[in-house]
Structure formats: structure tokens, C-alpha cells
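Structure first, commentary second.
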Amino acid sequence: MTMRLGQWLLSLLALSLLAACGSQPEAPPATKDGPAMWRVQRGDLDATLFGTIHVLPDGIEWQTPAIRDAIAQSDRLVLEAADLQDEVKTLTLFEQMGRSPNLPPLEARVPEADKADLAAIVASGGTTTGLLSGYESWAAAMLLSSASQQALKISQDNGVEPALIATFKQAGKPIGGLETVERQFSAFDTLPESAQRRMLSQTVHEAKDMRGLYDRILKAWLKGDMDAIAREDQVGEQPDPLVEEAVLVARNRDWVKAIEPMKGRPFIAVGAGHLTGRDNLIGLLRAKGYTVTRVQ
């Protein structure tokens, strides 16, 4: 099973570059179910694994009693990348890794049939193809995704990670990461140009239904409906295998390696998209002998 590019860009780092503005959409009502959460046990490790969504509208109530209890019982927070909340560092790395000299115009990197849609996305995001042409194709795809999401009126300020960070800081508990922001960007930066251009083109295609995609994922996430999130994989254009391997599967494998030496009761929070599909984190942990039990 694969994951659509739009889901990646909703669940990965790309949305940390989003500068949403304006009024927020009406928040969906809270559900009795709550986002999906698991208990992960092996040896001296008794962890909570929580699937997050990195950007949310204002007013979403997602912290159920079970989530608050798991947070209280945990001895530390482990995010995808602990340095992700350092906006200056993140944007500096993006500029360093995402730019290269003498790149072809952005319009020349997409098929002729996509050029009109590309222009529309760029215009709606308040930028120009000239400005984006200074970025490598993977970075331009991220910025295009952010531009197409402006109309969603969502923000990472309302996301799960800032709330978790504030709670654990207030409790005086340490905060770590499974990887670094640089590792996240390098997953894209090391892709061959052909794969980057396919990613760019697919970003243009999926921008047309970004509102619908986000609404469906948000509804499923609030209910803890991982099957519904997985079903999104079967809809629309499938991602390039090279992109899927580098951005999702290889990172999941690296995260298992990062979890293996852990002890105690960490609260591990990663994008929900990493917990479904081919070689997802839960399946990889079970293959390593961990007992993984759904608790919400």
C-alpha cells in the first residue's frame, strides 16, 4: 500500500513552512473516539505511540482523557524532530538545501498540460514562478503545497506538536527527536531530479483537491479511523516509488533504530501517515518483537 503525495505533504515537514492567515474554518465537533494511540512494550520500554496531524484549524478539541493520562504518565516527549520548532533553523536549512544556482525555469520542469494549473497555484499563493525557479524541484513542490493550502486557513500553531511541547516543558520533562530537520530535508534533497519533477507535477495535480483531502484526513484523524486514512492511499495518483521509499519507508526504518535503545515511558508523537501503509512504523516495530496494542 502506498501513500498519496498530498497526505505526505499534510503529514510531513512541508506544512511547517505554511504561513496560514485570515479567519479559521469552523472546527468539527469533538468526537468520543479520539485520535489513534498505541502502547509499545519491549524489555524496559513502555511507550505511548501517538499519531499526530501537524496543522489544525483553531478550536479543535483533540486531547481526550486517555491522551491526557498518557501524557501525565510519560517521562519524556519524543517528536519526529526535536529541532522542528526552531523556525529560524528550519528555514535556514530549507534555504541552504533547497536552493541551487542556474536551475531551469519552474515552468520547464512540469509537463505542458500542467503549466496552467501551476500558474494558478502560484498566483493564489501570492508568489511567482520566477521566485520559485531558484529552488530545486523538491523544495518548489513543498512551497507550492504551502501555497495551495493558504485557502485552508490552518496553522501549525494549532497543531499537535506545539501543544505537546508546551505541556512537557511546563512539566519539566525532556523533549527529544527520532531524527533531525536536516534528515527530513535530505530525504527529499537526495532524490534524483526525475523523481523530484514527478513529485512537483503530482503536487500540482493534488492541489486541486487539497481542501477535500485535508477535510477527509482531519475527520478520520479525530475519530482515530486509521482505515479511512489508509483508504486515501487508494484514491488518485500514486507516488513515485523512489519518493515513497526515501520520504516514508526509509525514515520509518530509521525511527525503529532510534526507538530500539529507548527505555522508560516516552510519549512518541509522529505523523499519523507513518502508522499506516507499506512498512509503517507499527508493523516494523512488531517485526522487531515489540508488543503494540491499540489503546484509543
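The values are calculated or read from the model by the stated rules, or taken from the named source; none is laboratory data. Quick caveat, the model's predicted, so the values are computed rather than measured. For neighbour counting, all protein chains shown are included, and Cβ atoms are generated from backbone atoms with ideal geometry for every residue, glycine included.
Rundown of residues vs (1) among the basic types (Lys, Arg); (2) modelled with pLDDT under 95; (3) surrounded by fewer than 16 Cβ atoms within 10 Å (Cβ to Cβ); (4) within 30 Å of Leu191 (Cβ to Cβ), yes/no style:
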{"site": "Thr48", "(1), (2), (3), (4)": "no, no, no, no"}
{"site": "Gly59", "(1), (2), (3), (4)": "no, yes, yes, no"}
{"site": "Ile67", "(1), (2), (3), (4)": "no, no, no, no"}
{"site": "Gln73", "(1), (2), (3), (4)": "no, no, yes, no"}
{"site": "Gln85", "(1), (2), (3), (4)": "no, yes, no, yes"}
{"site": "Val88", "(1), (2), (3), (4)": "no, yes, yes, yes"}
Return the residue satisfying two criteria in turn: it lies in the stretch 45-81 and is within 20 Å of Leu281 (Cβ to Cβ) and among the acidic types (Asp, Glu), and of such residues it is farthest from the chain's Cα centre (by Cα). Asp46
By residue number, the members of the stretch 119-137 that are within 21 Å of Asp189 (Cα to Cα), touching a residue at least 24 places away in the same chain (Cβ under 8 Å) and not small (Gly, Ala, Ser) are Thr129, Leu132, Tyr135, Glu136
I'd like the full set of residues that are at pLDDT 90 or above and charged (D, E, K, R), limited to the stretch 263-280. Lys263, Arg265, Asp279
Check every one of the helices (runs of 4 or more DSSP H) wholly within the stretch 236-296 and list those with 2 or more residues that are in contact with a Leu (Cβ under 7 Å, 6 or more places away or on another chain) and surrounded by 18 or more Cβ atoms within 10 Å (Cβ to Cβ). 250-259, 281-287
Taking Ala228 as the residue in question, decide whether it is assigned to a helix (DSSP H, G or I), out of contact with any helix residue (DSSP H, G or I) (no Cβ under 8 Å at 6 or more places or on another chain), among the hydrophobic types (A, V, I, L, M, F, W, C) and surrounded by fewer than 19 Cβ atoms within 10 Å (Cβ to Cβ). no
Looking only at the stretch 54-69, which residues are charged (D, E, K, R) and either in a helix (DSSP H, G or I) or under 19 Å from Arg251 (Cα atoms) (or both)? Arg68, Asp69
Is there any pair with a first residue in the stretch 63-89 that is closer than 14 Å to Phe168 by Cα and a second that is among the basic types (Lys, Arg) and outside any helix (DSSP H, G or I) whose Cβ atoms are under 7 Å apart and which are 6 or more apart or on different chains, and what are they? Gln73/Arg265; Ser74/Arg265; Asp75/Lys173; Asp75/Arg265; Arg76/Lys173; Leu77/Lys173
Residues in the stretch 77-106 that are under 15 Å from Glu136 (Cβ atoms) and of a type outside the set (A, V, I, L, M) total 10
Residues of the stretch 139-189 being assigned to a loop (DSSP other than H, G, I, E, B), of a type in the set (S, T, N, Q) and modelled with pLDDT of 85 or more, in sequence order, are Thr180
Name the residues in the stretch 70-105 that are more than 27 Å from Asn252 (Cβ to Cβ) and not polar (S, T, N, Q), would you? Ala72, Val88, Glu95, Arg99, Pro101, Leu103, Pro104, Pro105
Matching residues, the stretch 93-118, being under 25 Å from Gln184 (Cβ atoms), outside any helix (DSSP H, G or I) and not basic (Lys, Arg): Ser100, Pro101, Leu103, Val110
Which condition number in (1) without any contact (Cβ under 8 Å) to a residue 24 or more places away in the chain; (2) in contact with an Asp or Glu (Cβ under 6 Å, 6 or more places away or on another chain) is the one that Gly264 fails? (1)
